[in-house]
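*Asks:* Mind having a look at this structure? Questions to follow.
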Amino acid sequence: MEILYNGIWGTVCDDGWDMNDASVVCRQLKYGHAKRAYKYATFGRGTGKVWMDDVACTGSENRLQNCKMLISGWFETPFMNVPLPWAVTT
């Protein structure tokens, strides 16, 4: 998952990524409901800044940035080449 934050593209780490998170992303992108949530770098690893980690959506949020993160706030982690989450929509 790649996101634009402060004009810079970065990633969302897939730690804890689940169907609730995928559902929020699909809803935000106006693609309907999530069919599946992928993690463990299923489609490859990301590069660059990691803007969000340990995302914990309830599934009712309208935007990913409204979800809680276990590590509070937007940040750039020291990690590069992180596993990326993916969402498959209907």
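The values are calculated or read from the model by the stated rules, or taken from the named source; none is laboratory data. Note that the coordinates shown come from a computational prediction; the quantities given were computed from them, not determined experimentally. Note that we place each Cβ from the backbone using ideal geometry, even for glycine, and neighbour counts take in every protein chain shown.
*Asks:* Among what's in segment 20-51 and is of a type in the set (K, R) and in a loop (DSSP other than H, G, I, E, B), pick the residue that is surrounded by the most Cβ atoms within 10 Å (Cβ to Cβ).
*Replies:* K49
*Asks:* Looking at segment 52-61, can you tell me whether even one residue there is in contact with a Lys or Arg (Cβ under 9 Å, 6 or more places away or on another chain), in a strand (DSSP E or B), modelled with pLDDT of 85 or more and surrounded by 15 or more Cβ atoms within 10 Å (Cβ to Cβ)?
*Replies:* Yes: one or more hits.
*Asks:* Select, from T58, T42, T47, the only residue that is of a type in the set (S, T, N, Q) and in contact with a Phe, Trp or Tyr (Cβ under 7 Å, 6 or more places away or on another chain).
*Replies:* Criteria check complete, one pass: T42.
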